[in-house]
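Taking it in order: structure first as structure tokens, then the write-up.
The values are calculated or read from the model by the stated rules, or taken from the named source; none is laboratory data. Every value quoted in this text rests on a predicted model; they were computed, and no experiment measured them. Positions of Cβ are generated from backbone atoms using ideal geometry, with glycine treated the same way; all protein chains shown enter the neighbour counts. Only protein heavy atoms, including side chains, enter the accessible area calculation; ligands, DNA and RNA are left aside. Shrake-Rupley method; radii C 1.70, N 1.55, O 1.52, S 1.80 Å.
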Amino acid sequence: MNTLQGSCAFVTGAGKGIGRAITLALLKEGVNVTGISRTRTDLESLSKESGSLSGEFKAIPGDISNEHVIKESIEEAVNYFSRLDHLINNAGIGIMKPVQEMSVEEWDLTMNINTRGAFLATRFALPYMIRNNSGTIINIASIAGKRAFAGGAAYCASKFAMMGFSEALMFDVRKYNIRVITISPGTVATQFHTGEALKKDKDRVLTPEDCAETVVYALKLPQSAAAHEIELRITNP
Ligand code: NAP
């Protein structure tokens, strides 16, 4: 398996939940990680926790749905660490409402973060990967990107879109030795779930660390082989 030591990653939505666990797991592997999310205090606590780990952490507070912010953040990361090997498109939100109750603003917000944000980060990361003739892009999609449910119109649409985006992207960039890997988890115990949704199932769902270990595993596969789609489910629900 590949060693990740000394490689450089850019993780969106690094402050909480799955993104935070991915960031910590990569830092333990000796990866230098740039993490972006909007809440500064989350990034500050991550910076503190990263101090004892093998890789170096660089925090950039910002909104990935803003074209200029994401472009400048990726430039800043590459200027700082000199290269970009892995992009983890993880940031996402879920506004669960039936279509007839969803506002246009809620629809646009979901698409702007979950779909447009992943496109923007990918668009601005790719020139650096193409220049190196290598790289890996991991998109954190969801089982909701394959099977829809009541109240999930905006969220499912954004994740179905991510599946299509990932497959087309794979065909665009494989000639540059760039791997595109989609990880589709089932329910994960994070703050993504509000209210009662998770309370009764807490021990019967995936953990952020399960997702993070899967990311590390996928990155460690030989560069010549991409596990293009990984569906991650709890073994015994
Ligand atoms: P979470 O705990 O709510 O964390 C989401 C992270 O994304 C936060 O750090 C948040 O930070 C960041 N983020 C949101 N909007 C952003 C923006 N515009 N710009 C920058 N950062 C932003 O959620 P999670 O459960 O870890 O979810 C992570 C990903 O996994 C999402 O794409 C989600 O769809 C997917 N997923 C989750 C589950 C699940 O059951 N939890 C299952 C399958 C897939 P700020 O709000 O501070 O910006």
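The set of residues from segment 12-33 being open to solvent by less than 10 Å² (accessible area, probe 1.4 Å), touching a helix residue (DSSP H, G or I) at 6+ places or on another chain (Cβ under 7 Å) and within 18 Å of I113 (Cα to Cα) comprises T12, A14, G15. Tell me, yes or no, whether segment 152-159 has at least one residue that is outside any strand (DSSP E or B) and among the basic types (K, R). The answer is yes, given that some residue of segment 152-159 is outside any strand (DSSP E or B) and among the basic types (K, R).
Restricting I93, I74, I60, I36 to those that are open to solvent by 20 Å² or more (accessible area, probe 1.4 Å), in contact with a helix residue (DSSP H, G or I) (Cβ under 8 Å, 6 or more places away or on another chain) and of a type outside the set (S, T, Y) reduces the list to I93. Can M1 be described as open to solvent by 30 Å² or more (accessible area, probe 1.4 Å), assigned to a loop (DSSP other than H, G, I, E, B) and touching a Lys or Arg at 6+ places or on another chain (Cβ under 8 Å)? So M1 passes the test.
Per-residue answers, yes or no, for (1) under 14 Å from the mean Cα position of the chain (by Cα); (2) buried (at least 18 other Cβ atoms within 10 Å of the Cβ); (3) at negative phi:
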{"site": "E167", "(1), (2), (3)": "no, no, yes"}
{"site": "N177", "(1), (2), (3)": "no, no, no"}
{"site": "T187", "(1), (2), (3)": "no, yes, yes"}
{"site": "V205", "(1), (2), (3)": "no, yes, yes"}
{"site": "E213", "(1), (2), (3)": "yes, no, yes"}
{"site": "L221", "(1), (2), (3)": "no, no, yes"}
{"site": "I234", "(1), (2), (3)": "no, no, yes"}
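For Q191, the stated conditions hold: it is in contact (Cβ under 8 Å) with a residue 40 or more places away in the chain, within 14 Å of the ligand (Cβ to nearest atom) and not in a helix (DSSP H, G or I). Scanning segment 8-26 for residues that are of a type in the set (A, V, I, L, M) and in a strand (DSSP E or B) yields A9, V11. Looking only at segment 158-173, decide whether some residue is in contact with a Ser or Thr (Cβ under 6 Å, 6 or more places away or on another chain) and under 24 Å from T3 (Cα atoms). No, segment 158-173 has no match at all.
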